[in-house]
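Q: Dropping a structure here in structure tokens format, bear with me for questions.
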Amino acid sequence: MSESKSSNGLVGTGIVTAIAASLCCITPVLALIAGASGAASTFSWIEPARPYLIGITIIVLGFAWYQKLKPGSKEEIDCACEDDEKPSFWQSKKFLAIVTVFAGLMLAFPLYTDVFYPKQDRQVIVVDQQNVQTATFSVSGMTCTGCEEHVSHEVNKLDGIVDVKASYENENATVQFDSSKISVGEIEKAIKATGYSVKRVNSR
């Protein structure tokens with residue numbers, strides 16, 4: 001009985017740490033679905049702890065599998081023979097497998113966030129090529145590719161945008177735009193509306 005409780009506790013811990021590790025990456029997608037763009041950066045503060053949370057998840061679920069697969073002692077085998085009750089689904093290997101797959105999907109979330117953002121294929125008509133300008137915004141708060149997708153998605157909604165490239169590694173967003181249709185200030189406002197901070201703007 002105590003071993004079952006211990007196993008359930010490990011599984012629960014594995015789920016919590018997997019979700020916590022990916023919370024900073026899941027939030028932008030949830031913000032998009034809910035239409036609450038400004039909430040995208042809510043959990044970006046978790047990012048520094050992400051490697052530790054991933055490590056804890058792997059260790060906890062690894063130990064849970066070890067407990068499930070290790071050979072039972074003679075006493076446990078004798079006890080099992082006397083007890084005809086089948087273990088519940090929540091204590092089965094099948095449930096642990098489901099939890100492991102779920103945890104894996106959560107930990108890998110940043111790798112496939114782009115599938116949640118619709119492709120915005122639209123024709124941009126530039127009357128005068130001299131109006132095309134490029135501005136690089138120094139953006140803080142982005143922690144993964146999900147954040148990049150969120151910033152790009154919001155900026156692309158604006159009229160006059162030619163191209164957007166956001167990078168969480170470089171902490172910036174480079175935007176090509178038609179200055180006759182939109183200003184740097186409007187683009188900056190759109191980025192800030194996602195919840196990320198714009199620290200500096202370089203335009204040319």
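Q: For region 75-88, indicate whether the set of residues that are farther than 29 Å from Lys192 by Cα, exposed (fewer than 15 other Cβ atoms within 10 Å of the Cβ) and at pLDDT 80 or above is non-empty. Give the derivation first.
A: From region 75-88, those farther than 29 Å from Lys192 by Cα are 75-88; that's our starting set.
Filter again for exposed (fewer than 15 other Cβ atoms within 10 Å of the Cβ), leaving 75-88.
Subsequent filtering for residues that are at pLDDT 80 or above retains none.
No, region 75-88 contains no residue that is farther than 29 Å from Lys192 by Cα, exposed (fewer than 15 other Cβ atoms within 10 Å of the Cβ) and at pLDDT 80 or above.
Q: In region 112-147, what residues are under 15 Å from Ala166 (Cα atoms) and either modelled with pLDDT of 90 or more or aromatic (Phe, Trp, Tyr) (or both)?
A: Tyr117, Thr134, Ala135, Thr136, Phe137, Ser138, Val139, Ser140
Q: Then there's this: May I ask you to list the residues in region 161-175 that are in a loop (DSSP other than H, G, I, E, B) and either without any contact (Cβ under 8 Å) to a residue 12 or more places away in the chain or closer than 12 Å to Ala135 by Cα (or both)?
A: Glu169, Asn170
Q: Taking Val11 as the residue in question, decide whether it is part of a helix (DSSP H, G or I), at pLDDT 75 or above and crowded, with 18+ Cβ neighbours inside 10 Å.
A: Details: part of a helix (DSSP H, G or I): yes; at pLDDT 75 or above: yes; crowded, with 18+ Cβ neighbours inside 10 Å: yes.
Yes; evaluated as a whole, the condition is true for this residue.
Q: Inspect all residues belonging to region 176-186 and state whether any of them is over 30 Å from Ala64 (Cβ atoms), in contact (Cβ under 8 Å) with a residue 24 or more places away in the chain and surrounded by 20 or more Cβ atoms within 10 Å (Cβ to Cβ).
A: Within region 176-186 (the criterion being over 30 Å from Ala64 (Cβ atoms), in contact (Cβ under 8 Å) with a residue 24 or more places away in the chain and surrounded by 20 or more Cβ atoms within 10 Å (Cβ to Cβ)), the answer is yes, since at least one residue qualifies.
Q: Now for a different question. Gln130 is checked against (1) part of a strand (DSSP E or B); (2) more than 20 Å from the chain's Cα centre (by Cα); (3) surrounded by fewer than 21 Cβ atoms within 10 Å (Cβ to Cβ); (4) not small (Gly, Ala, Ser) and fails just one. What number does that condition carry?
A: (1)
Q: Give region 190-204 a look and list any residue that's part of a helix (DSSP H, G or I) and surrounded by 19 or more Cβ atoms within 10 Å (Cβ to Cβ), or say none.
A: Answer for region 190-204, where residues must be part of a helix (DSSP H, G or I) and surrounded by 19 or more Cβ atoms within 10 Å (Cβ to Cβ): Ala190, Ile191.
Q: Has region 136-156 got any residue that is among the aromatic types (Phe, Trp, Tyr) and assigned to a strand (DSSP E or B)? Lay out the reasoning, then the answer.
A: Going through region 136-156, the residues among the aromatic types (Phe, Trp, Tyr) turn out to be 137.
Then drop every residue that is not assigned to a strand (DSSP E or B), which leaves 137.
Yes, there is a match, as at least one residue in region 136-156 is among the aromatic types (Phe, Trp, Tyr) and assigned to a strand (DSSP E or B).
Q: Report yes if Gly185 is at pLDDT 90 or above and in contact with a Lys or Arg (Cβ under 6 Å, 6 or more places away or on another chain), otherwise no.
A: no
The values are calculated or read from the model by the stated rules, or taken from the named source; none is laboratory data. Since this is a predicted model, take the numbers as computed values, not measurements. All Cβ positions, even for glycine, are placed from backbone atoms using ideal geometry, and neighbour counts span all protein chains on display.
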